[in-house]
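Before any comments, here is the structure.
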Amino acid sequence: GLDHAPPRSGLGSGLRSYLWRLLGFFVLEEVVCASSRGVILRDEADSEWRDTCKALCKALAEETEVISETSLFLQLKSITSLFCASMDFYGYATAPLREALEGTWDRFLRLLEEECKQKVKEILSQEPFEGMSV
């Protein structure tokens, strides 16, 4: 079977290679099942995918709680969305993972609001507020 545990260092640092490794495993499973003409059933791969998807959803929730930059958040969402689209292409159900990703939206908005407030404060702190000459 597949070790579907996310990287110990968190998804942020090794997400891309981790997801591509998973994708390679499941694409290979699909090709083997399809080329065996029914000799090898896809049930085991589907079961493995469900376990992997659960682990990914949990890791995604944990990772988004510690991300402190919107750019990293968007990068995580982009890579995960691309992974889901690829898995969809090969017939694997990604709805739980997409729902987990959607569930992080409020956290992203809070981070974005904080970043915007900070930028406005920085801009205003540099403004001399001198009167205008007409």
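No lab work stands behind these numbers, since they all come straight from the coordinates. Only a predicted model underlies this, so the values are computations on that prediction, with no experimental measurement involved. Glycine gets a Cβ as well: all are built from the backbone with ideal geometry, and neighbour counts include every protein chain shown.
Derived scalar couplings between HN and Hα for the stretch 58-63 equal 5, 5, 5, 4, 5, 5 Hz in order, rounded to whole Hz, by the Karplus curve 6.51 cos²θ - 1.76 cosθ + 1.60 (θ = phi - 60°), x for Gly and Pro.
Okay, helix-only estimate at 222 nm for the chain: each DSSP H run of n ≥ 4 adds -39500 (n - 2.57), divide by all residues, round to 500 deg cm²/dmol; what do you get?
On the way: 5 runs with 99 residues, N = 134.
-25500 deg cm²/dmol, from helical runs alone.
Using 0.36 nm times the number of residues separating Glu62 and Glu122, minus their current alpha carbon distance, what extension gain do you get?
On the way: separation 60, 0.36 × 60 = 21.60 nm, distance 3.05 nm.
Using 0.36 nm per residue and subtracting the Cα-Cα distance, I get 18.5 nm.
Of all lysines in the structure, the ones whose alpha carbon falls short of 25 Å from that of Lys54, not counting any fewer than 8 places away in one chain, are Lys77.
According to the Kirkwood expression over distinct Cα-Cα pairs, how big is the hydrodynamic radius of the stretch 15-83, in Å?
Details: mean 1/r = 0.0736 Å⁻¹.
Final number for the Kirkwood radius of the stretch 15-83 is 13.6 Å.
Across the chain, Cα pairs under 8 Å and at least six residues apart give a relative contact order of 28 percent.
With N set to the residue count of the chain, report its C-alpha Rg divided by 2.2 N^0.38 Å to two decimal places. Can you show the working numbers first?
Values: Rg = 21.0 Å, N = 134, 2.2 N^0.38 = 14.1 Å.
Output field value: 1.49.
Extension gain, Phe89 to Trp20, is 23.4 nm, computed as 0.36 nm per intervening residue step minus the present C-alpha separation. Shown for Glu99, Glu30, Glu115, Glu130: other C-beta atoms within 10 Å of each C-beta, ranked fewest to most, produce the order Glu130, Glu99, Glu115, Glu30.
Listing Ile67, Ile40 from fewest to most neighbouring C-beta atoms within 10 Å gives Ile40, Ile67.
Cβ crowding within 10 Å ranks Thr104, Thr64 as Thr104, Thr64, fewest other Cβ atoms first.
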